[in-house]
Amino acid sequence: MFAAENGLKGDPRLQAISDAIRVVPHFPKQGIMFQDITTLLLDHKAFKHTIDIFVDRYRDMDISVIAGVEARGFMFGPSIALAIGAKFVPLRKPKKLPGEVISEAYELEYGTDCLEMHVGAVPPGERVIVIDDLVATGGTLSAAIRLLERVGAQVVECACVIGLPEVKGQRRLNGKPLYILVEPREIDGCC
Amino acid sequence: MLSLTTLCSPNETAASSSYQPPVFRLRSYNQTLPPTLCSASDSVANQPKMSSPDEQDPRISKISSAIRVIPNFPKPGIMFQDITTLLLDTKAFRDTIDLFVERYRGKDISVVAGIEARGFIFGPPIALAIGAKFVPMRKPNKLPGEVISEEYSLEYGTDKIEMHVGAVQAGERSLIIDDLIATGGTLCAAIRLLERVGVHVVECACVIELPELKGRERLGDKPLFVLVSST
């Protein structure tokens, strides 16, 4: 669900966040209009709004874990975790986490990839929010949900700054609620 | 403003009354002259008062003990300093960020540059708290749009770090954050990248230093601030 339809209709912060996101055409390949959040991170006010909106939503939901997907989930997750008193758990590409991990494979357009989490990072029963900068097909987030559910954690919601059209109208992913701040920006008059 | 760089190994605590404090290096935040260039009278004036050793900040030992060491990762012989356990300790993680924020708030720092990927975990909370931009410094081909690159040496071969063109302006004052400094190769590349576009790198800040790898020396006259030094 989009924040604007869920209590934040007309909230000027959402426009500020959207305006701060840069679109880079044809990255990483032709036809993809890449939603670049690095410009959001350069805009201190808009970045703060982003974190504040998630914090306001999750602070009273008894959340004990924020799980962030490498690498852009790392840019948003820890600030939210710190503000609500939750742990931060990184979900990483293969072979980055030292020690014992569990892995979950997921489909890419061509081939598969893998997401890993530390064994023991999340005890069973803990309430978790999964965070990433953007959701497109939902493949990565679905893998994250599966990883967390395999260890008995309860995924309460997935949170993303941007939601691509594929998820518009979808309120759930893998049965889990999806909370998104903004739609992708478009470039006028572009190919 | 004086600040404390502690040389505390992960297993030391300050609990017992017979505790011998580790050697402290008090590093003046505004120090610009290396000691050898000070005149005799300057050196007295510049010496921090050490009539009794300052207590290490009480938050440091909990931060240190929250860091997990994984032997032989990513390869045999390396004792990997794993900060993910620090991120699971909400108070210790909070204290880590607070220690950096207390040091850098009000110092006219407009940029916090974080090195992929663990610098992305510590940098943004610091940037938000001190009112600075966060600039990710990334491995090749991750940043979309126009970038500048800096190559640096690895034990075998080279690697590259990239930053967006236009992310920072000449004259801005910046920190560089990473979880750990080892040889200092990556941090040096990050310094060069920022300096190439006219940014003043005020200090490099890491949670952990591995002093035996002499990263501090490799940074030369660039100040380094760490919370925990691990031998």
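Per-structure values
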| quantity | calculated |
| --- | --- |
| Failed item in (1) part of a helix (DSSP H, G or I); (2) at pLDDT below 95, with A:ALA83 passing the rest | (2) |
| Residues that are under 13 Å from A:PRO124 (Cβ atoms) and part of a helix (DSSP H, G or I), drawn from the range A:135-161 | A:LEU148, A:GLU149, A:ARG150 |
| B:GLU162 in contact (Cβ under 8 Å) with a residue 12 or more places away in the chain and more than 28 Å from B:PHE93 (Cα to Cα) | no |
| Residue ID - farthest from A:ARG57 (Cα to Cα), chosen from residues in the range A:9-32 that are surrounded by fewer than 16 Cβ atoms within 10 Å (Cβ to Cβ), away from chain B (no Cβ under 14 Å) and of a type outside the set (Gly, Ala, Ser) | A:ASP19 |
| Residue match in the range B:97-109 (condition: buried (at least 16 other Cβ atoms within 10 Å of the Cβ), closer than 18 Å to A:PHE74 by Cβ and either touching a strand residue (DSSP E or B) at 6+ places or on another chain (Cβ under 7 Å) or modelled with pLDDT of 95 or more (or both)) | yes |
| Qualifying position, being within 28 Å of A:ASP11 (Cβ to Cβ), at the interface with another protein chain (Cβ under 9 Å from one of its Cβ atoms) and of a type in the set (S, T, N, Q), among A:THR38, A:THR50 | A:THR38 |
| Per-region count, the range B:70-114, residues in a helix (DSSP H, G or I) and basic (Lys, Arg) | 3 |
| Number of positions in the range B:115-163 that are more than 8 Å from every other protein chain (Cβ to nearest Cβ), assigned to a loop (DSSP other than H, G, I, E, B), out of contact with any strand residue (DSSP E or B) (no Cβ under 6 Å at 6 or more places or on another chain) and modelled with pLDDT of 95 or more | 2 |
| Test: residue in the range A:106-123 that is of a type in the set (Gly, Ala, Ser), within 14 Å of another protein chain (Cβ to nearest Cβ) and in a strand (DSSP E or B) | no |
| Verdict on A:LYS95 being over 25 Å from B:VAL147 (Cα atoms) and charged (D, E, K, R) | yes |
| Conditions (1) surrounded by fewer than 23 Cβ atoms within 10 Å (Cβ to Cβ); (2) among the hydroxyl-bearing types (Ser, Thr, Tyr); (3) within 8 Å of chain B (Cβ to nearest Cβ): number failed by A:SER79 | (1) |
| The range A:82-105, subset more than 7 Å from chain B (Cβ to nearest Cβ) and among the basic types (Lys, Arg), residue nearest to the chain's Cα centre (by Cα) | A:ARG92 |
| Failed item, numbered, when A:ASP132 is tested on (1) crowded, with 21+ Cβ neighbours inside 10 Å; (2) not in a strand (DSSP E or B) | (2) |
| Among residues of the range B:76-119, those that are closer than 21 Å to B:PRO211 by Cβ and not acidic (Asp, Glu), counted | 14 |
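The values are calculated or read from the model by the stated rules, or taken from the named source; none is laboratory data. Keep in mind that what you see is a predicted model, and the values were worked out from it rather than measured. All Cβ positions, glycine included, derive from the backbone under ideal geometry; neighbour counts span all protein chains shown.
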